[in-house]
Amino acid sequence: QVQLVESGGGLVQAGGSLRLSCAPSGSILRANGMGWYRQAPGKQRELVASITSSGRTNYADSVKGRFTISRDNAKNTVYLQMNSLKPEDTAVYYCNADDIYGLGYHLYDLWGQGTQVTVSS
C-alpha cells in the first residue's frame, strides 16, 4: 500500500531554515488536499499548514509569515519551507493527505511517519 514519506527534518539554530518534503512511496494518480501537522512532546498534534489541489493555502497563526507550503502536482509532492525558525517550532512534523487516488484504489486520511525538527536557542 502506498505511504507518505517525509524528508528534510533536522537540527537547526534559531533563525535558521529548513525545507521539508513529502511524497508518496509509489506511483499515484492524484492527491487532493495535503498538509503538514506537528506534535511537540506533551502536546496535541496541530495543523501547521495545508494546501488544496488548486493551490489554496491555510496556515496556523503561529507560522504565518515564516512558513510556506507549496506543492508540485506533477510529482504529487508537498513542501514546507520553514524560515526564521524558533525553539517553539521543535516538534515531529507529519505529512497528511486527505485522499489519494491510485490505479484501482482510493485511500483516505493518509499520514507519513514523521520527521523530527529541532530548533536550538
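Compute the length gained on full extension between GLU88 and SER54: take 0.36 nm times their separation in residues and subtract their Cα-Cα distance, giving the result in nm to one decimal. Working shown, then result.
Working: separation 34, 0.36 × 34 = 12.24 nm, distance 3.05 nm.
Result for the pair: 9.2 nm of gain on full extension.
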Open item on the list: Please check: in the Gaussian network model of the chain (C-alpha springs, under 10 Å), which one of ASP98, ASP61, ASP89 has the largest mean-square fluctuation.
Closed with: ASP61
Task: Student exercise, region 3-121 dipole from Lys, Arg, Asp, Glu Cβ charges, in Debye to nearest 20 - done: 220
Open item on the list: Please list, in order along region 104-118, the HN-Hα scalar couplings obtained from phi with the Karplus expression 6.51 cos²θ - 1.76 cosθ + 1.60 (θ = phi - 60°), rounded to whole Hz, x for Gly and Pro.
Closed with: x, 8, 9, 10, 10, 6, 8, 10, x, 7, x, 9, 7, 10, 10
- [ ] Return the aspartates and glutamates within reach of LYS43: Cα separation strictly under 13 angstrom, same-chain partners fewer than 8 residues apart disregarded; answer none if there are no such residues.
- [x] GLU88, ASP89
- [ ] Determine, from the Cβ-Cβ distance of VAL5 and ALA40 and an R0 of 25 Å, the FRET efficiency 1/(1 + (r/R0)^6), rounded to the nearest 0.05.
- [x] 0.70
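Could you state the per residue volume, in Å³, of the convex hull enclosing the Cα atoms of region 79-121?
76
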TODO: Give the long-range amide H neighbours of THR90: residues separated by 5 or more places, or on another chain, with amide H under 5 Å away, using H modelled in the peptide plane at 1.01 Å from N.
DONE: VAL119
Open item on the list: Please list, in order along region 38-46, the HN-Hα scalar couplings obtained from phi with the Karplus expression 6.51 cos²θ - 1.76 cosθ + 1.60 (θ = phi - 60°), rounded to whole Hz, x for Gly and Pro.
Closed with: 9, 9, 8, x, x, 10, 7, 5, 10
- [ ] At 0.36 nm per residue, minus the direct Cα-Cα distance, what do LEU29 and SER70 gain on full extension? Give it in nm, one decimal, please.
- [x] 12.9 nm
Task: Karplus-derived HN-Hα couplings along region 27-33 (A = 6.51, B = -1.76, C = 1.60, θ = phi - 60°), whole Hz, x at Gly and Pro - done: 6, 10, 8, 6, 10, 7, x
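None of the figures in this text is laboratory data; all of them are computed from the coordinates on show. In this text, all values refer to a predicted model and were calculated from it rather than measured experimentally. Positions of Cβ are generated from backbone atoms using ideal geometry, with glycine treated the same way; all protein chains shown enter the neighbour counts.
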